[in-house]
Structures are given as C-alpha cells and as structure tokens.
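To start, the structure under review is shown below, and the notes come after it.
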Amino acid sequence: MRFSRLLVPTTKETPNDATLASHIYLIRGGFIQSVGGSGLYNFLPLGKKVLDKVRAVVKDELDKAGCQEVSLSFVTPASLWQESGRFEKYGKELLRFKDRKNNDFILGPTHEEMMVNLVRQTVKSYKQLPLNLYQINLKFRDEIRPRFGLMRGREFLMKDGYSFHASEEDMKREFDLMEETYKKIFTRLGLAFRVVDADSGAIGGSGSKEFMVLADSGEDTIVVCDACDYGANIEAAVCQEKEFTTDTKTQVITMKALYDECISEIVTFVLPESEVLEEVKACNAVKANDLVDVESPADADRHVIDNTLKECTEYVNPEYADISAVQEGDACIHCGAELRYTKGIEAGHIFQLGTQYSEPLGATFLDENGKAQPMVMGTYGIGVSRLLAGIIEQHHDEKGCVWTKESAPFDLHILVSNIKDEAQVALGEKLYEQMKAKGVDVLLDDRKDRFGAKMKDYELLGIPHAVVIGKKLSDDLVEFVTREGMVKEEVSSSAIEALLNERF
C-alpha cells in the first residue's frame, strides 16, 4: 500500500476523554474514530486491518481445534430470552426495542439463546454430538458509562462459541480443550496473560475461567500466587480459611438487594472488622442482580454472615457464605504461599454451563436408549476488538504503538525521506515491489511531507520494522529499524535486499 493513497488521519492532539495509552494511540494513529463520544467507534483502514489480523488468529486456532464458524443474527427475538429467563434478569445493559408490529427484540450482548435455538432445530441424536459452533460478530451492551476506548465500548466485535454434549464429562473435556486453544491464541498475539478462576456473572454455569491480559491499566483486580499457578479474579478468589474467635470485632453492612426493577429486600452482611466485603460474592450469596447502599437505617429481611464467623449466634435465621474479599498476604488455597494483587484486562472468558440453557429452551437429544436428554453445554468468549486495546496497553512507548508480529497492520514500512530525490525513490520503489512479490504486507511512505513528520507517523503507527532511505544513501547506506526499542541498524544499500529476504 502507498501511504499517499491511505486514509490514515494521524494527529498530535490527545482526545479529551482519553486516559489509557490504547485509547490515545488508536485515535491519534487514525486506527479508530469516535462516533459522538457515545462508546461507539468506526474502524478506519488501519484499524480494520489490525482487527482482521487478530480475527484471523482467533479463527485459525479455533478451526484447528475442530470448531465450526456460523454467523447469527445481531437482532434477537426477545421471546428466546424470555424462555431462558434472562430477559428480566440481565439488567439495563440489554437494549430492548419493538418493531413496527410491536414485537419485542434485543440487540444481542451474547448469543446463548440464539445458538441453542439453532441447535435444537437441527440436532436430534447423540450421534450428532459433540458439536462446537462459534461466530465472530458484533455485540451490543448498553454500558452506563462507556470509557477507555475499545476497552469498554457499547458496540464491539466478539468471538462467542458454544459447545453441545451428551455428558458432563465430555463438556469438561471440551472446556479444557478451549482453555488450551485460548492459550495458543493469546500467545500467538504476543500477549502476557494469566488464566484465572472467575465469577460466572449473568452468563451463569457452575465454573468459569477468565483470560486476563496483564496491564497496570486493567480494570480487574486479580489475585495471584507466584509459588504456583493459582490465579483468580477478586470476585471469585478464595484463600486458606482464617481463624476468628467468638469475640472478634465485626462490622455490619446493610444494603438493598435488587432482583429486578420490581423486587428488592434489605440484607445485612456481617464479617470481621479486618475484612472487606466483596460485593459480587455478596450478590451471589443472596442471588441478587445488584446491591445498593441503604441511605437510612432499615430493618433487614435477611442476615448473611461470612463463613469465618460460623460461631456467631446473635442473629435469627442466619445464612453463612463466603462474602469477604481475599487480601494481599492471605495464604494460597493450594500451596499456602502469600497471595498478591495485580491488574488485568479481561479478554476471554470460558464457562461450564451444564444444562442451564438447554433445559428451559428444550434443547434435547435422543440418547442410545432413545430417551430424550438435555444437551450439556459450554460457552467460550473472546473480546476481539478489546484485544486491540490489550495489545497496545502492553506494547507501546512514549511515541506510540508497538504492534506485535501477528497483529501489525503491515509487516514492513519503507520510508523515502525525500520524494524529490530520484535515487531514494528508485530504491524505495524497487524494495516495495520486491517485498510485495514475496507476499510481504508492506507500506511505502511516498508522501511529499517532511522527513520528521514521516518518522513521527512511523513511530505512532508502530509497524514492527522499517527501512529508512535518506541522505546517507549517497554514502551507500540505509537504516533498518525495529520499532520495539527503536533499534537502528545501518546497512549498505546493496545489502538491504538480502537482509529483507532474510528477515521476511
């Protein structure tokens, strides 16, 4: 591609609402464009190239694992969500609307119901199982406060996959296969990541794991053990049991538990004064959608006491649950070593669903004895567009993006310093045509701009390698630049072709 023909509106200005490096550089580098500051983004040519390259890595590894790609409707009949029971439960992030015939629809934030509907119409026998179907498609969640660019937008590209099985054991086999497949995807993309235990949230199921891209800018706090492989989101983390006596000082936290827009109750949570309430654990303990502070004292309908205080007897009809957050220095549940906090970006999440969706939606198969059984399911998601942000959060410097090999919009950037210099232009054109003939994805900067402006654009765009053809060509020298660390090698112009053939 010739830079003179490329739509890439780079800018020196940092967007007013941008605080993360990924948000700043993806906007400044002309990869994405905000649509009215509403958590919606257009992908410009460079951004679309990166998105497609990341998507291709995801697809390649899934296809190798035996998964099959489909494409489901973005607009989903609300009746399917009513069948599963999630239409009321999911909350205000679910965008609901009516068509001209007054039928209810939603914009899909996830597609469990749609995929179950597809499979229940086409799979009838155990002989057709197991089955793993996926799509890489648009999703929409009406975030109350979209922020951080692609990290938390309202519309996003997501890979969501669903497996169907005749037994729990076979589902767990596929769950393990998907964990290994996801590891290959994140490794190919050049990401440092951690697989952690997680809360299943609105998706549900008996067990789930998150794939966390490690970054100080991550929204999620994860608990890790350096002595073993244990890791968990703070919402799901556990530690070795602590010992408290009956005279331990306690704290009582009174909150309103919300179940949907019409039902709520007052709950008190009791835990040691030294501990911190983990609200997701507390929600799970009372099966609530959300908790909000009670503005004035109120009599509680329920009393939930942390497991560490099982000796407590001062409440009528107490319930016991793990409602406290694991803290740094607590003992690892597996090896006893000290746990610590780190930050991560959730980029993938896999769930063991069981029959949570197949039973209410009537997705059954005939077993070997001709008896109808509910299909056992797993579900597996990757935030494909969020991965772009994750890559840049890990791979950037003060000058701009530093794309990894598998994600870069181009493999090589050829920069002609002075477009009026015939020798520079001739060498640039020659290398450009040769690299294209080899199948290398190459960008030729043939613009009439100043050298300094071209170099700043190279640094901002972050293509892994560049050949800089400048004044030293008269001394038979050009530069080969590696973007990571801005490492520069002087090479004779007669040897650069051989070097490129070796590197690419």
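The values are calculated or read from the model by the stated rules, or taken from the named source; none is laboratory data. Since the model is a prediction, treat every value here as computed from it, not as a measurement. When we count neighbours, we look across all protein chains shown, and the Cβ atoms used for this are built from the backbone with ideal geometry, even at glycine.
Overview of results
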item	result
Criterion: under 26 Å from G383 (Cβ atoms) and either surrounded by 17 or more Cβ atoms within 10 Å (Cβ to Cβ) or touching a Phe, Trp or Tyr at 6+ places or on another chain (Cβ under 8 Å) (or both) - qualifying residue of K209, K287	K209
Among the candidates E88, E69, E93, E13, residue that is modelled with pLDDT of 95 or more and acidic (D, E)	E69
Qualifying residue in segment 167-178 (condition: among the small types (G, A, S) and in contact with a Phe, Trp or Tyr (Cβ under 6 Å, 6 or more places away or on another chain))	no
Check on N233, in contact with an Asp or Glu (Cβ under 7 Å, 6 or more places away or on another chain) and surrounded by 19 or more Cβ atoms within 10 Å (Cβ to Cβ)	yes
So L118, is it surrounded by 18 or more Cβ atoms within 10 Å (Cβ to Cβ) and either within 16 Å of the chain's Cα centre (by Cα) or aliphatic (A, V, I, L, M) (or both)	no
Filter result (β-branched (V, I, T) and either free of Cβ contacts under 8 Å to residues at least 24 places away in the same chain or under 30 Å from G378 (Cβ atoms) (or both)) within segment 25-70	V35, V50, V54, V57, V58, V70
Those residues of segment 239-252 which are buried (at least 17 other Cβ atoms within 10 Å of the Cβ) and under 34 Å from the mean Cα position of the chain (by Cα), in sequence order	C239
Of all residues making up segment 93-115, the number that are over 21 Å from the mean Cα position of the chain (by Cα) and in a loop (DSSP other than H, G, I, E, B)	5
Residue within segment 149-156 that is on the phi > 0 side of the Ramachandran plot and assigned to a helix (DSSP H, G or I) present	yes
Cβ-Cβ under 7 Å pairs, at least 6 apart or on other chains, segment 245-267 side farther than 17 Å from C283 by Cα, far side at pLDDT below 85	T246/E311
Single residue of segment 118-136 satisfying the filter (in contact with a His (Cβ under 8 Å, 6 or more places away or on another chain) and not aliphatic (A, V, I, L, M)) that is nearest to I106 (Cα to Cα)	Q135
Among (1) modelled with pLDDT under 95; (2) under 36 Å from the mean Cα position of the chain (by Cα) - the single one S493 does not satisfy	(2)
Residue in segment 119-134 that is touching a helix residue (DSSP H, G or I) at 6+ places or on another chain (Cβ under 6 Å), assigned to a helix (DSSP H, G or I) and over 24 Å from V57 (Cα atoms) present	no
Qualifying residue in segment 426-436 (condition: of a type in the set (K, R), under 30 Å from G390 (Cα atoms) and without any contact (Cβ under 8 Å) to a residue 24 or more places away in the chain)	yes
Segment 264-284, residues that are part of a loop (DSSP other than H, G, I, E, B) and over 9 Å from I323 (Cα atoms)	E273, S274, E275
Segment 253-273: number of residues that are modelled with pLDDT of 90 or more and either exposed (fewer than 12 other Cβ atoms within 10 Å of the Cβ) or of a type in the set (K, R) (or both)	2
Criterion (over 17 Å from L46 (Cβ atoms), surrounded by fewer than 17 Cβ atoms within 10 Å (Cβ to Cβ) and modelled with pLDDT of 95 or more) met by exactly one of M455, M486, M435	M486
Residues located in segment 242-260, provided they are in contact with a strand residue (DSSP E or B) (Cβ under 6 Å, 6 or more places away or on another chain) and β-branched (V, I, T)	T248, T250, V252, I253, T254
Of the criteria (1) closer than 18 Å to S324 by Cβ; (2) out of contact with any helix residue (DSSP H, G or I) (no Cβ under 7 Å at 6 or more places or on another chain); (3) not aliphatic (A, V, I, L, M), which one F244 fails	(2)
Some residue of segment 409-421 being in contact (Cβ under 8 Å) with a residue 40 or more places away in the chain, of a type in the set (D, E, K, R), surrounded by 22 or more Cβ atoms within 10 Å (Cβ to Cβ) and not in a helix (DSSP H, G or I)	no
Answer residue from segment 142-159, given it is in contact with a Leu (Cβ under 8 Å, 6 or more places away or on another chain) and of a type in the set (D, E, K, R) and is surrounded by the most Cβ atoms within 10 Å (Cβ to Cβ) among those	K159
Unmet criterion (only one of (1) over 22 Å from D52 (Cα atoms); (2) among the hydroxyl-bearing types (S, T, Y); (3) surrounded by 18 or more Cβ atoms within 10 Å (Cβ to Cβ)) for S494	(3)
Residue among Y162, Y126 that alone is buried (at least 17 other Cβ atoms within 10 Å of the Cβ), closer than 30 Å to G344 by Cα, aromatic (F, W, Y) and touching a Leu at 6+ places or on another chain (Cβ under 7 Å)	Y162
Members of segment 460-477 found to be charged (D, E, K, R) and at negative phi, listed by number	K471, K472, D475
